Amino acid sequence: MDVARLAAKDAAQAARVLSEVREARLAGQRGRVSPRPVIEQSWGRMLRSGVDPDHDFRAGLLSADEVRRRREESRLKDVLPVLREGLLSVADVAQHIMVVADADGRVLWREGSSPVLRKADGLGFELGADWREDVVGTNGVGTPAVVRRPVQVFAAEHFVRSHVSWTCSGAPITDPRDGSLLGVVDVSGPLETMHPATLAWVNSVAKLAEARLRELHLEALERLRAVAAPVLARLGGRALVVDADGWTAAVTGMPYPRRLALPKSLSPGRRWLPALGLCAVEPLAGGWLLRAVDEPAPVGGGRLVLDLARPRRPSVTVGGGAGSWSHELSPRHAELLYLLALRRGGRSAAGLAEDVFGDASRTVTVRAEMSRIRRYLGALLEHRPYRFREDAEVEVLLPDDPRDLLPDSTAPAVTASRTP
């Protein structure tokens with residue numbers, strides 16, 4: 001069903017049709033039309049997690065001090081002018097509100113039409129409120145955060161009955177430095193004010209916000225580069241300067257890596273880094289100076305935790321003598337590391353190609369992706385065949401429901417693992 005087209009012609013009729021679809025689905029019956037896939041999948045998650053469709057649940061609001069603290073620590077504050085300029089003037093006239101929530105689903109900013117803001121209060125759509133999907137059901141803040149793409153939730157596509165008089169259009173905002181989720185920007189209002197172009201508009205502004213974050217990151221690297229130049233000019237051997245997230249600003253005596261995986265809590269002194277080996281770490285304004293020290297690698301494989309428990313937010317955490325660090329994974333890298341964790345004896349490029357694509361000839365793609373993975377896992381991964389080091393402790397955290405294991409993956413070996 002093309003909800004946007006139907007709603008553009010007759011919003012009331014669209015709402016009635018969606019209400020019938022929702023009631024049929026909740027009753028376990030087949031409706032005369034099917035919900036959109038993104039909505040049906042969300043409803044499935046709600047039914048499995050036990051969200052009550054007839055009674056809304058409201059987690060405690062954050063205190064005003066906690067909201068202020070989160071605002072100050074969030075990178076979203078840097079793009080708030082972009083969001084306001086792109087959304088607020090139109091939203092106010094169209095009887096909508098703009099809502100900006102952090103990656104935890106907590107509402108940090110909320111502006112727009114005063115009458116609509118008062119209506120939102122009645123739904124618990126307030127500053128500090130928790131609008132994660134698994135708390136309040138399918139909605140324009142929580143659902144985009146789960147599926148990591150723009151989503152419009154129209155009328156009875158909301159899972160909880162008290163929300164069906166609203167339409168929400170939300171788009172995720174990701175950190176261009178590492179792809180992690182920063183939060184969601186959402187435009188919401190009464191269903192009769194819905195317009196089919198709203199979602200595209202919100203997503204376009206979210207992309208402008210990400211572009212601004214990218215600009216700010218490059219500007220910060222330029223400032224760090226200016227600090228690093230005279231320091232590196234006095235040094236011999238291999239050295240580089242990186243920002244707090246491991247992005248390289250300048251280098252001497254070695255190839256230029258775009259980014260290094262750093263321990264979670266880096267501190268001055270001698271530290272072992274997977275991509276560089278033993279380093280002397282010194283603080284600089286806005287980053288770190290890393291000077292390679294040519295000594296043998298520390299003994300021991302370390303501990304690796306592959307976290308697949310959060311659908312669509314896979315990550316890997318590595319711990320060892322140098323501390324620990326985490327890296328958010330792309331869907332493809334999550335697939336490959338999961339398969340290597342299943343097969344500790346190792347897998348050839350052809351074997352991994354068969355596991356991932358169902359086609360053993362696609363070895364070039366596999367080798368390229370494994371090369372990228374080895375840039376941040378370093379000595380923890382061996383090749384010929386690809387495998388984790390024998391002395392590395394590897395733990396895989398899986399979702400409670402096997403169907404939520406890498407839900408967007410079509411890799412034959414992954415889909416086979418979803419069968420209970």
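The values are calculated or read from the model by the stated rules, or taken from the named source; none is laboratory data. Note that the coordinates shown come from a computational prediction; the quantities given were computed from them, not determined experimentally. Cβ coordinates were reconstructed from backbone atoms using ideal geometry, including for glycine residues, and neighbour counts include every protein chain displayed. Just the protein is used for accessible areas: all its heavy atoms, side chains included, with ligands, DNA and RNA removed. Shrake-Rupley method; radii C 1.70, N 1.55, O 1.52, S 1.80 Å.
Some values worked out for this structure:
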{"item": "Selection status of residue 318, at pLDDT 90 or above, closer than 30 Å to residue 132 by Cα and under 23 Å from the mean Cα position of the chain (by Cα)", "result": "no"}
{"item": "Residue in region 350-372 that is within 20 Å of the chain's Cα centre (by Cα) and either closer than 30 Å to residue 270 by Cα or surrounded by fewer than 19 Cβ atoms within 10 Å (Cβ to Cβ) (or both) present", "result": "yes"}
{"item": "Members of region 81-98 that are at pLDDT 85 or above and either open to solvent by 30 Å² or more (accessible area, probe 1.4 Å) or in contact with a Phe, Trp or Tyr (Cβ under 7 Å, 6 or more places away or on another chain) (or both)", "result": "81, 82, 84, 85, 88"}
{"item": "The one condition in (1) modelled with pLDDT under 95; (2) part of a strand (DSSP E or B); (3) open to solvent by less than 10 Å² (accessible area, probe 1.4 Å) that residue 111 fails to fulfil", "result": "(3)"}
{"item": "Residue list for region 165-196, filter: over 26 Å from residue 70 (Cα atoms) and outside any strand (DSSP E or B)", "result": "165, 191, 192, 193, 194, 195, 196"}
{"item": "All positions within region 178-205 that are in contact (Cβ under 8 Å) with a residue 60 or more places away in the chain and over 14 Å from residue 154 (Cβ atoms)", "result": "178, 179, 180, 181, 182, 183, 184, 185, 201, 204, 205"}
{"item": "Exclusive hit being open to solvent by less than 10 Å² (accessible area, probe 1.4 Å), under 24 Å from residue 258 (Cβ atoms) and in contact with an Asp or Glu (Cβ under 7 Å, 6 or more places away or on another chain), set 336, 381, 377", "result": "336"}
{"item": "Residue satisfying all of: in region 49-74; in contact with a helix residue (DSSP H, G or I) (Cβ under 8 Å, 6 or more places away or on another chain) and either among the polar types (S, T, N, Q) or in a helix (DSSP H, G or I) (or both); nearest to residue 213 (Cα to Cα) among these", "result": "71"}
{"item": "Residue 180, sole failed condition from (1) at pLDDT 90 or above; (2) within 15 Å of residue 312 (Cβ to Cβ)", "result": "(1)"}
{"item": "Verdict on residue 205 being in a helix (DSSP H, G or I), in contact with a helix residue (DSSP H, G or I) (Cβ under 7 Å, 6 or more places away or on another chain) and open to solvent by less than 50 Å² (accessible area, probe 1.4 Å)", "result": "yes"}
{"item": "Options 199, 218: the member that is open to solvent by 30 Å² or more (accessible area, probe 1.4 Å), within 27 Å of residue 292 (Cα to Cα) and either outside any loop (DSSP other than H, G, I, E, B) or at pLDDT 90 or above (or both)", "result": "218"}
{"item": "Any hit, region 327-340, residues being assigned to a strand (DSSP E or B) and at pLDDT below 90", "result": "yes"}
{"item": "For residue 224: the one exception among (1) within 22 Å of residue 282 (Cα to Cα); (2) out of contact with any Lys or Arg (no Cβ under 8 Å at 6 or more places or on another chain); (3) not in a helix (DSSP H, G or I)", "result": "(3)"}
{"item": "Checklist (1) crowded, with 22+ Cβ neighbours inside 10 Å; (2) touching a residue at least 40 places away in the same chain (Cβ under 8 Å) applied to residue 175, failing item", "result": "(1)"}
{"item": "Odd one out for residue 265 among (1) surrounded by fewer than 18 Cβ atoms within 10 Å (Cβ to Cβ); (2) in a strand (DSSP E or B)", "result": "(2)"}
